[in-house]
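See below for the structure under consideration.
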Amino acid sequence: MNELALQPEQTSRATITFQKWATYCLLIIGFVGLSIFAEHDTLTPGQALDTLLSYKLTGYANILLAASALVYIASLKFQGELVAKWASGLAVAGMIGLFVAIFVRWFETYQVLEEGHVPISNLYEVTIFFTALTVAIYLIMESLYQNRSIGAFIMPMVLASVWLQEWLVLEGYGSPSELVPALKSYWMHTHVLANFIGYGAFAVAGGSGVMYLIRARLEKKGKTEGIIRSLPELKIIDDVMYRAIAIGFPVFTLAVILGAGWAYYAWGSYWSWDPKETWSLIVMLIYAGFLHARLLKNWSGARMAWWAILGFGFTLFCFLGVNLFLSGLHSYGAVG
Amino acid sequence: MKKESQGKINKVIGIVSSMPFAIGLLCVLALLSVIGTLIAQNRSVDTYRATYGDFWYSMFDTFGFFDMYHSWWYLSLLSLLLLSLVIATVRHGYYIVAGVKPIKVVPALPRKHALKVEIQIDEQSNKSIEQVGNELSDEMANLGFKSWINNSQTDQNQRQLFSRKGTIGKLSFFPVHIGLAIVLIGGLVSTQFGFRGVMNIIQGDSVSEVFIKEGDDYAPIPLPFSVKNDQFSIDFYEMGKPSSFQSTLSVYELSEDNSPADSNRPLIATKTISVNDPLRLDDITLYQANFGDAGSPVDFQFTDLSKSDFPQHDISSAVHKILEDPGTGNRISILDLNEHTVLNLSNDPMESRMKDVGPSIDIKIQTPEDGTITYRSYQHYPHILSFKRMGEKKWTTEELGFPPSDKNMIDLLASYLEQLYSKGSSGSFTDQQRKEAFAITLKSKNISIDNAPELGAAIGQTQQILEKHRLPALFTLKAFDRIFYTGLQVTKDPGAWIIWLGSIMLMVGLLLIYIIEYRMWISIKQAGPRHFLCEIVATSSRTNIVGIQQLRANLNNIANNKGFLLKEVQS
């Protein structure tokens, strides 16, 4: 028997997390106000993308996120709390930057386009949104679990979505564009928001899955030194993975229901088996399977990690693959 | 005998409602659903034969892959899911209800636990074990726990306290599963008792039937009313993309002979509908789905470059109409009319200067010699010409030296070319030869040589383009009268409200899942006078490291406030 005396805990972790995020929100509001104040009288209709403040802000934020990813990976090696803190700091700054950029771009669309809209209407815009939300969900996990090493596995994915953003800009899909008639609806905001919270959460789960497998492998080899020391215990990784999916699944389900509601409202058919719809259903079925196995059969370990990784693979195809390779009702997210 | 079959049925029910079966079914459904997104659904037989070849076509067709979400096997799997869901709900529901009811007997200690702590309680005053138990129960109540004390203990020095909170979360099982079942049933009701069809109405016309897709064909279904398209309009953004389109519809009662023509019939409803704003009638809803050209009359000029004198013909046709010249075997079809066309007017390939150049027409010409070429001719920019040959995706755009509608210039070009080719065989000509030929042409037409540089440049530019691309014809859009039809989707969906009810239940259930149940078994022992030992074993309804840490912190706070000593026991 191992006995531990406990220290009293003054403030609960949830409270600390809440206070932190309230601060971030205030910062975002402040920066958005400043940016709009600085830019509002310089905007002209049809202005080029690279002259927009939001575009520059996105660029800077992406640099911070890329740096953060590298520092997170470095922190595995150096195992210093300070290095990891720097990584989180960069991630927080990058995330705030991206959210500011999204709001500023929202404002800009009203000046640059004939009709303004929330910037979630094409692949470039939603990729920015996805990047920001994934970082946000990860940071919430980080502060709940008080463990920063998870970032080394999540942030590389964020790096990939930063790369996707840059690629889309280079291909000329970055400029704000007018909404097609079908998208002019309040359903869009809730539908897209819920969808991307889901995607972000599934990304965090997928990253945790990879981390789980790596730690499990190192344990199997009997390693006790090196990287394994910076990785949290398997049961904690497992918990992060499960929690991410437990958050993502209901929100994603809500997104699908909202999408069905919107389709019914706009076209009179809530379900038309269009590729995006079908792939959302596939994603839901896979995670429904995961949750059943986990909650009722108490499955855990490597197979659940694989499940989370595979699930994220399917999620990724639902998000990007459908737009890039298949056609259908969601063609406004298409490239080419 | 009867018992045996009963046993078999029970066994089957057991398997169908079992968890591994459900998990397997979810995964199988997920993977099979992929097929239908890779194979385009509900296309024509010809498309499929062209894409997959005869062998794979017949294979895929056998398995219903071309409409797989309505194939017997996919629907059977969905029904199996529904069945599994219903049986599982009934079977497991009983235990869940039992787990939520107020308890009568303290449940047995769990085999696995998430937290085990010991608290040493040293009281100043002489408290009985009952009082200590009640105090602990009050503390637990402050944390949101409901407690039961087991007083029927034989051992006078020991009490068992059982506390739990968040038990209601367990009930999420019901709304989630019943909600999902209701959604599936609603879908069934929709497909069995509703319909979804299309209705295209030309401006000013009335229609009283809707077309339902059946395989490759559309079958008409009569409606209990007629719909008149009073007005259809499109708004455009500056760069020519539609920003919105709407139709003003009037719905009239049918006349006795069911003819939609008579407009003196009583009006049922009227509304201007747009994409996100349908017209709802009693049980039928009219949605703005799309729009299209209803055969707008078009006047254009056709310059035949295959003949040496470049004859020009004024032709009247209509969008989607195909004209055939039996003499030459040429087929000219009007593919589309665009009221707004965006064109890059910059000559610099690195720079783009997009402009909405107004109306344009897409004309396809099929000639026996040159194959198929599609032209785009711009009404206000007649000297600009876009075209693409069969299989090309992008338009090639060129600027001619003069608009093809300029009869004099076309004649001049024809004479010049005649002159030029009369000198030598085809092939290349020197600048000198060209100049000479052009001078002779001008002279024969009695045109002053002073105009030569200007005319020469225009003719030369045009000739270069024609030579480079070997175009069989030129077109000029003269006039058009746009007639649209509005494309409506007409649905009757008696299952919709069932689906929304189910969806709401599903969402409520999914939110309830967030409420995690915590259970604590607290055994209190009187270890000596004023000295108690309290062992707490806690579990949560799912592994939940953060929540258990919070619980531990809460227990720790209680112990600290009271001056007790708390120790964590790790097993």
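Go through region A:282-309 and give me each residue that's of a type in the set (Val, Ile, Thr) and surrounded by fewer than 21 Cβ atoms within 10 Å (Cβ to Cβ).
Result: A:Ile309, single match.
Specify the residue that is nearest to the other protein chains (Cβ to nearest Cβ); the eligible residues are those in region B:520-571 that are basic (Lys, Arg) and assigned to a loop (DSSP other than H, G, I, E, B).
For region B:520-571, the residue satisfying everything is B:Arg542.
All but one of (1) assigned to a helix (DSSP H, G or I); (2) within 14 Å of chain B (Cβ to nearest Cβ); (3) buried (at least 18 other Cβ atoms within 10 Å of the Cβ) hold for A:Glu178; which doesn't?
With (1) assigned to a helix (DSSP H, G or I); (2) within 14 Å of chain B (Cβ to nearest Cβ); (3) buried (at least 18 other Cβ atoms within 10 Å of the Cβ) applied to A:Glu178, the lone miss is (1).
Against the definition (modelled with pLDDT under 85, over 24 Å from the mean Cα position of the chain (by Cα) and crowded, with 16+ Cβ neighbours inside 10 Å), how does B:Leu254 come out, yes or no?
The answer is yes for B:Leu254.
Name the residue that is farthest from B:Phe174 (Cα to Cα), counting only residues in region B:62-76 that are of a type in the set (A, V, I, L, M, F, W, C) and surrounded by 16 or more Cβ atoms within 10 Å (Cβ to Cβ).
Result: B:Phe66.
Any residue in region B:112-123 that is in contact with a Cys (Cβ under 7 Å, 6 or more places away or on another chain) and among the hydrophobic types (A, V, I, L, M, F, W, C)?
Among the residues of region B:112-123, at least one is in contact with a Cys (Cβ under 7 Å, 6 or more places away or on another chain) and among the hydrophobic types (A, V, I, L, M, F, W, C), which makes the answer yes.
Kindly provide the set of residues from region B:201-255 that are outside any strand (DSSP E or B) and more than 12 Å from chain A (Cβ to nearest Cβ), ordered by number.
Selection gives B:Gln203, B:Gly204, B:Asp205, B:Gly215, B:Asp216, B:Leu254, B:Ser255.
Are there strands (runs of 3 or more DSSP E) fully within region B:275-341 with at least 1 residues that are over 28 Å from the mean Cα position of the chain (by Cα), of a type in the set (Val, Ile, Thr) and more than 30 Å from B:Pro494 (Cα to Cα)? List them.
In region B:275-341, B:297-304, B:312-318, B:322-324, B:331-338 are the strands (runs of 3 or more DSSP E) which contain 1 or more residues that are over 28 Å from the mean Cα position of the chain (by Cα), of a type in the set (Val, Ile, Thr) and more than 30 Å from B:Pro494 (Cα to Cα).
Do we have any residue at all in region A:40-61 that's more than 18 Å from the chain's Cα centre (by Cα), closer than 21 Å to A:Ile140 by Cβ and modelled with pLDDT of 90 or more?
Checked against the condition, which is being more than 18 Å from the chain's Cα centre (by Cα), closer than 21 Å to A:Ile140 by Cβ and modelled with pLDDT of 90 or more, region A:40-61 yields no hits at all.
Regarding A:Trp279, is this residue touching a Phe, Trp or Tyr at 6+ places or on another chain (Cβ under 8 Å), surrounded by fewer than 21 Cβ atoms within 10 Å (Cβ to Cβ) and facing another protein chain (nearest Cβ under 9 Å)?
Against the criterion (touching a Phe, Trp or Tyr at 6+ places or on another chain (Cβ under 8 Å), surrounded by fewer than 21 Cβ atoms within 10 Å (Cβ to Cβ) and facing another protein chain (nearest Cβ under 9 Å)), A:Trp279 does not qualify.
So that you can scan it fast, the table gives a plain yes or no per residue for (1) within 14 Å of chain A (Cβ to nearest Cβ); (2) assigned to a helix (DSSP H, G or I); (3) in contact with a Ser or Thr (Cβ under 8 Å, 6 or more places away or on another chain):
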{"residue": "B:Leu32", "(1), (2), (3)": "yes, yes, no"}
{"residue": "B:Asn42", "(1), (2), (3)": "yes, no, no"}
{"residue": "B:Arg49", "(1), (2), (3)": "no, yes, no"}
{"residue": "B:Phe60", "(1), (2), (3)": "no, yes, no"}
{"residue": "B:Trp73", "(1), (2), (3)": "no, yes, no"}
{"residue": "B:Ser76", "(1), (2), (3)": "no, yes, no"}
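Report yes if A:Ala302 is under 25 Å from B:His70 (Cα atoms), out of contact with any strand residue (DSSP E or B) (no Cβ under 8 Å at 6 or more places or on another chain) and more than 7 Å from chain B (Cβ to nearest Cβ), otherwise no.
In short, no.
Just to be sure I understand, how many residues within region A:272-300 are touching a Gly at 6+ places or on another chain (Cβ under 7 Å) and aromatic (Phe, Trp, Tyr)?
Residues flagged as touching a Gly at 6+ places or on another chain (Cβ under 7 Å) and aromatic (Phe, Trp, Tyr) within region A:272-300 amount to 3.
Find all pairs meeting these conditions: Cβ atoms under 8 angstrom apart; at least six residues apart or on different chains; first residue within region A:246-273 and more than 9 Å from chain B (Cβ to nearest Cβ) and closer than 27 Å to B:Asp67 by Cβ; second residue among the hydroxyl-bearing types (Ser, Thr, Tyr) and not in a helix (DSSP H, G or I).
A:Ala263/A:Ser269; A:Ala263/A:Tyr270; A:Ala263/A:Ser272
Would you check which residues across region B:307-352 are over 30 Å from B:Ile234 (Cα atoms) and surrounded by 15 or more Cβ atoms within 10 Å (Cβ to Cβ) and list them?
Of everything in region B:307-352, those that are over 30 Å from B:Ile234 (Cα atoms) and surrounded by 15 or more Cβ atoms within 10 Å (Cβ to Cβ) turn out to be B:Phe310, B:Gln312, B:Asn330, B:Arg331.
So A:Leu144 passes all but one of these: (1) surrounded by fewer than 23 Cβ atoms within 10 Å (Cβ to Cβ); (2) touching a residue at least 24 places away in the same chain (Cβ under 8 Å); (3) more than 26 Å from A:Ile237 (Cα to Cα). Which condition number does it fail?
With (1) surrounded by fewer than 23 Cβ atoms within 10 Å (Cβ to Cβ); (2) touching a residue at least 24 places away in the same chain (Cβ under 8 Å); (3) more than 26 Å from A:Ile237 (Cα to Cα) applied to A:Leu144, the lone miss is (3).
Looking at (1) in contact (Cβ under 8 Å) with a residue 12 or more places away in the chain; (2) aromatic (Phe, Trp, Tyr); (3) away from every other protein chain (no Cβ under 14 Å), can you tell me which one B:Tyr69 breaks?
Result: B:Tyr69 fails condition (3) only.
Does region B:473-486 contain at least one residue that is touching a residue at least 12 places away in the same chain (Cβ under 8 Å) and within 14 Å of another protein chain (Cβ to nearest Cβ)?
Yes - at least one qualifying residue is present in region B:473-486.
Given the conditions (1) more than 27 Å from A:Ala288 (Cβ to Cβ); (2) free of Cβ contacts under 8 Å to residues at least 60 places away in the same chain, which single one is not true for A:Ser161?
Here A:Ser161 meets the rest and fails (1).
Please specify each residue of region B:384-416 satisfying the condition of being more than 16 Å from B:His469 (Cα to Cα) and outside any loop (DSSP other than H, G, I, E, B).
Listed by number, the residues that qualify are B:Lys407, B:Asn408, B:Met409, B:Ile410, B:Asp411, B:Leu412, B:Leu413, B:Ala414, B:Ser415, B:Tyr416.
Counting only residues that are crowded, with 18+ Cβ neighbours inside 10 Å, among the polar types (S, T, N, Q) and over 15 Å from A:Gln165 (Cα atoms), how many does region A:58-110 have?
Looking only at that region, the number is 4.
Given the conditions (1) within 42 Å of the chain's Cα centre (by Cα); (2) touching a residue at least 24 places away in the same chain (Cβ under 8 Å), which single one is not true for B:Val546?
(2)
Taking region A:106-122 on its own, how many of its residues are over 19 Å from A:Asn195 (Cβ atoms) and of a type outside the set (A, V, I, L, M, F, W, C)?
Of the residues in region A:106-122, 7 are over 19 Å from A:Asn195 (Cβ atoms) and of a type outside the set (A, V, I, L, M, F, W, C).
I'm checking my understanding of the structure. Among residues of region B:198-222 that are under 22 Å from A:Tyr270 (Cβ atoms) and in contact with a Leu (Cβ under 9 Å, 6 or more places away or on another chain), which one is surrounded by the fewest Cβ atoms within 10 Å (Cβ to Cβ)?
Residue satisfying both the conditions and the ranking: B:Val198.
The values are calculated or read from the model by the stated rules, or taken from the named source; none is laboratory data. From a predicted model like this one, the values you see are computed outputs, not experimental measurements. Glycine also receives a Cβ, built like all others from the backbone with ideal geometry; neighbour counts cover every protein chain displayed.
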